[in-house]
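The values are calculated or read from the model by the stated rules, or taken from the named source; none is laboratory data. Source: prediction; values computed, not measured. Every residue, glycine as well, gets a Cβ built from its backbone with ideal geometry; the counts of neighbours run over all protein chains shown.
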Amino acid sequence: MRRFLCVLLMAAVLGACLPGLAENEMIYQSAFNQGLDGWYARSGGSAQVELLPPTALHIRGRQSDWHSPGRDFDLVPGTPYTLTVQVRQQEMDEAQFMISVAHSSGGAESYENLARGTAKRGEWTTLSGDYTPGLFDRYVLYVETVNAPSLSFDIRFFRIYGPEGMEKMSNIKEEEPVLLPVEGELPSLKEAYAGKFDFGACVPGHLARSQEAMAFNASQFSILTPENELKPDAVLDVNGSRKLAAEDETAVAVHFDSAKPLLDYAQAHGIKVHGHVLVWHSQTPEAFFHEGYDTGKPLVSREIMLGRMENYIRQVLEYMKENYPGVIVSWDVVNEAIDDGTNQLRASNWVKTVGEDFVCRAFEFARKYAAEGTLLYYNDYNTAMPGKQNGIVRLLESVMEEGNIDGYGFQMHHEITFPSMASITAAVRRIAGMKLRLRVSELDIGINAVSNENYQKQAAMYGDIMRLMLEYADQTDAVQVWGVRDNQSWRADKHPLLFDAQGNPKPAFFAVVEAAQ
Ligand code: XIL
């Protein structure tokens, strides 16, 4: 206790010395899950912004660096603000971005660049900078590129922090204490769903090494997924592959160092594992697709990339058969191949090298090398959106023709406000009608602020989704949440999981348990 007080005291003293750091509060956060929120495309007319659910905004049709997503803000002159945003682009190896302000006085506009950063292909990258506005009539904050005038890109979590006590600029609510109804022993999710389907979670690598966290996971979940540790960027050994490529361009070197702690625990404790993921455009080293594994050289031919794909899938699956027999019961063979804008195959490195049949080829190789009985899944998000759903269904139909796919994984990264239960239900019914196995692979449901009301809405939606999947219990292999505690979630600011930061079960936890009864 005394040590705790000491830490508190130190934090207070530090806070007093570093006012910017300790006293800044978030006063605005973009809410792209609730519409454009005042954001528009700054341009001569060609650029367009559109929502990219669940939380992002997409801009395309740009012809100039300043053609950008922007919004008017009532900034107070002389106030020290901090601005942050996450940006992502898919078209260049690297692109530079800036947060800028266009301010005007008496009709004359002038500009300042406030934050800079370089975003690698496919990676959400945070820009952050400080800004104390001078005296102007109007302020437009916007996110622009440097020497990439036609690049399409995404932004999310545009945030403004200001001094403590400032009026909020958007509907960020104050946190309210929430009563947690815990009486007696905590029910177990895996037991509640026993005989129906597996209930699981993803676990990040660092927690897979914690005996305490894993003992808790073992008590609650019958299936686990490494959150990042079986993705190609964790498994592909680029340096090793580069050496092998001197002899054979199709050779691939792999290692499983990051995934081992979770796999070892699962093996020792009889917990199933769902593998995520063999083939994906994201979290995959760019070098994988280039001659000599060298990003300075051209993309490899279809023949070589097919060779690398087969070798990669073979080595991963053979390693698992040899070292962890029976542990990995299912795999996401391909993840997120359909593009949100066009609803066609995304123009990824896979399409650029192998071509449009890369999904079918991945399933062919996975079937060839997976242990018998391993379930092979295609996994994607935004299935509840009709256009994307059509694209996903078209893809599934083409893969089903070859007979190597078993199921479809609904990611379901949702918000309490979006999508509607009606559209989620329609999506599940449609895919279920295709006679594929089903899973909810990455369930989380975001709220904008912690309050009793939001916790209840979140619980209701979790309950509705569980009841929907229970209608298909015979066809469903698992429902998995994407994380355990809110603060460990990839969307921590959205408090989207079943347990709060202290590990207390939230109303959503009890709603999931009750749905099974
Ligand atoms: C996320 C992880 O949770 C993060 O830790 C990581 O930084 C980015 O990827 N769809 C997927 C998952 O298929 O692999 C993603 O996981 C979340 C979206």
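Table for the structure above
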item	result
Residue count for the range 420-456, restricted to those that are within 16 Å of the ligand (Cβ to nearest atom) and either of a type in the set (Phe, Trp, Tyr) or farther than 20 Å from Phe197 by Cβ (or both)	1
Criterion (touching a residue at least 24 places away in the same chain (Cβ under 8 Å) and among the hydrophobic types (A, V, I, L, M, F, W, C)) met by exactly one of Ala501, Ala492, Ala459	Ala459
Residue in the range 188-201 that is touching a His at 6+ places or on another chain (Cβ under 9 Å) and surrounded by 16 or more Cβ atoms within 10 Å (Cβ to Cβ) present	yes
Qualifying residue in the range 219-231 (condition: farther than 14 Å from Leu263 by Cβ and among the aliphatic types (A, V, I, L, M))	no
Residues (within 16 Å of the ligand (Cβ to nearest atom) and part of a helix (DSSP H, G or I)) located in the range 190-206	Gly205, His206
Tally, over the range 86-137, of residues that are in a strand (DSSP E or B), of a type in the set (D, E, K, R) and within 26 Å of Gly61 (Cα to Cα)	6
Single residue of Val329, Val359 found to be away from the ligand (no atom under 16 Å from the Cβ), at pLDDT 95 or above and assigned by TED's automatic domain parsing to the domain that holds Tyr378	Val329
Count of the range 44-65 residues which are surrounded by fewer than 19 Cβ atoms within 10 Å (Cβ to Cβ) and within 16 Å of Val140 (Cβ to Cβ)	3
Members of the range 376-403 found to be surrounded by fewer than 20 Cβ atoms within 10 Å (Cβ to Cβ) and under 21 Å from the mean Cα position of the chain (by Cα), listed by number	Met385, Pro386, Gly387
Selection count where residues are more than 30 Å from Ala432 (Cα to Cα) and either more than 11 Å from the ligand (Cβ to nearest atom) or over 16 Å from the mean Cα position of the chain (by Cα) (or both), scope the range 487-505	8
Count - residues of the range 132-143 that are within 21 Å of Gly38 (Cα to Cα) and either outside the structural domain of Ser30 (by TED's automatic domain parsing) or not aliphatic (A, V, I, L, M) (or both)	6
